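No value in this document is a laboratory result; all are computed from the given coordinates. Since we're looking at a predicted model, the values are computed, not measured. We place every Cβ from the backbone using ideal geometry, glycine too, and count neighbours over all the protein chains shown.
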Amino acid sequence: MPMPEIPNGQAMAQELVYTLADLKHWNKSTPTLAVLGFPIAHSLSPMMHNAALQSEARHNPRLETITYVRFEIKPEDLKEALPLFHSKGFLGLNLTVPHKVIAFSLIEKIDPSASLIGAVNTLRRTQSGWEGFNTDGYGLATAVKESLDIELTDSNILLIGAGGAARGAAVECLMRKCRSLTLVNRTAQNLEELKMHLKGIAKEVPINSVSQVSLLEPDVSGIARGVLVINATSAGLKPSDLAPIDLVRLREPAGVFDMIYNPPKTQLMQQAEELGILTTNGLTMLVHQGAKALEIWTDAPSSRTAPLMLRAAREALALIR
Ligand code: NAP
């Protein structure tokens, strides 16, 4: 099968969704970065990264030739795809759902940022294979500080969810020495598994878990006053989704950070606003994890690329809404 024509220019390349079949015929000689997911068509990463690459070319002309594209790769194909991306000369890869945990066991070198989480979202080319990083935690901490003016360090945190995003967030909160971490999740077994995973990392930070059902009860006095609430569940991705907790049950939360960014305002955020609690969505987290990944690949400072990426992400979201 012939390889589809690769359009010239970053703006056009980001429109396409490539597949494993395209990768097998890949013969592009210019350097390429890619995001892999299944599905992937919704990803804002190509728009963010290509905008930053174009702008950064003023400081480093080599970056003008780099294109960031997206690949739809099925989870069962990742093992075959990763060495192929390497042999075809790709400079770096981002991984999104469902690849972050699967890739962890497929690559040769893991940065400490990823090893405690057990998941990677950024792969950097080495001579012999891929080195894995996880920039999600950095993205969360930077976004919480920027949007809510709250440091994870020394905060009491109520984290909702027990999937991949919650695991990364929990590790980041512990590494930054939050004051306490309370975990909430719909499925008790997943909650317990996350708690077990965190046990060795927590050191002196107390970790509590609360079932989602008990959060509907009137007495949640076990939860500290002034918690930072972080939603790391998918509850809210559909506008009709109910909020995963009722904020009225909590004592004066300091802020509500919802990792969801599309839709831009979830019911949880809506309630926070009505109660006068500072709240923000997850777009800045997406941007900061992306800016850190670009820094890992190209040395472009994340502090300089993040504002450009945010503008590009907002423009892309406006187009798809
Ligand atoms: P995941 O591994 O599939 O985990 C999903 C989590 O959501 C689980 O804890 C699940 O609970 C919970 N959940 C799903 N539907 C729910 C509902 N209706 N009510 C209550 N809980 C529900 O997904 P993930 O990768 O962790 O991602 C979670 C969310 O974070 C997604 O919305 C994703 O878009 C977002 N995210 C954002 C960024 C960013 O940069 N802004 C980065 C990563 C992820 P059970 O255990 O009960 O199934």
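With only Cα atoms counted, the stretch 39-121 has Rg and Dmax values of 14.2, 40 Å. Each principal axis of the Cα cloud of the stretch 151-277 was taken in turn, and the coordinate range along them, longest first, works out to 38, 28, 26 Å.
In deg cm²/dmol, rounded to 500, what helix-only [θ] at 222 nm does the chain give when every DSSP H run of at least 4 residues adds -39500 (n - 2.57) and the total is split over its residues? Please list the in-between numbers first.
On the way: 12 runs with 124 residues, N = 321.
Value at 222 nm, helices only: -11500 deg cm²/dmol.
Would you mind checking K79/K100; K100/K265; K74/K100; K28/K292 for any pair whose Cα atoms are more than 22 angstrom apart? Spell out each step's value before the answer.
Numbers: K79/K100 12 Å; K100/K265 26 Å; K74/K100 13 Å; K28/K292 26 Å.
The answer is K100/K265; K28/K292.
Note on K109: aspartates and glutamates with a C-alpha under 13 Å away, same-chain residues under 8 apart excluded, are E131. Between S87 and S303, the distance separating the two model label sites (each 7 Å from Cα on the Cα→Cβ line) works out to 4.3 nm.
GNM on the chain, alpha-carbon springs under 10 angstrom: the most fluctuating residue among F38, F133, F257 is F38. With springs connecting C-alpha atoms under 10 Å apart, model the chain as a Gaussian network and identify which of L33, L250, L158 has the largest mean-square fluctuation. Among L33, L250, L158, the largest GNM mean-square fluctuation belongs to L250.
Largest first, the three principal axis extents of the alpha carbons in the stretch 244-321 are 46, 28, 18 Å in whole numbers.
For the stretch 165-178, backbone phi angles converted through the Karplus equation (6.51, -1.76, 1.60; θ = phi - 60°) give residue-by-residue couplings of 5, 5, 5, x, 5, 5, 4, 4, 4, 6, 5, 8, 6, 5 Hz, Gly and Pro being listed as x. Restricting attention to the stretch 31-131, close to 30% of DSSP beta bridges with both partner residues there are antiparallel. For the chain, modelled as a GNM whose springs connect Cα atoms under 10 angstrom apart, the maximal fluctuation among D111, D136, D258 occurs at D111.
Close amide H contacts of V69 (hydrogens built in the peptide plane, cut-off under 5 Å, sequence separation of 5 or more or a different chain): L33, A34, V35. Looking at the P(r) of the chain, how many percent of alpha-carbon pairs lie beyond 24 Å? Summing the P(r) of the chain above 24 Å gives 54 percent of all pairs.
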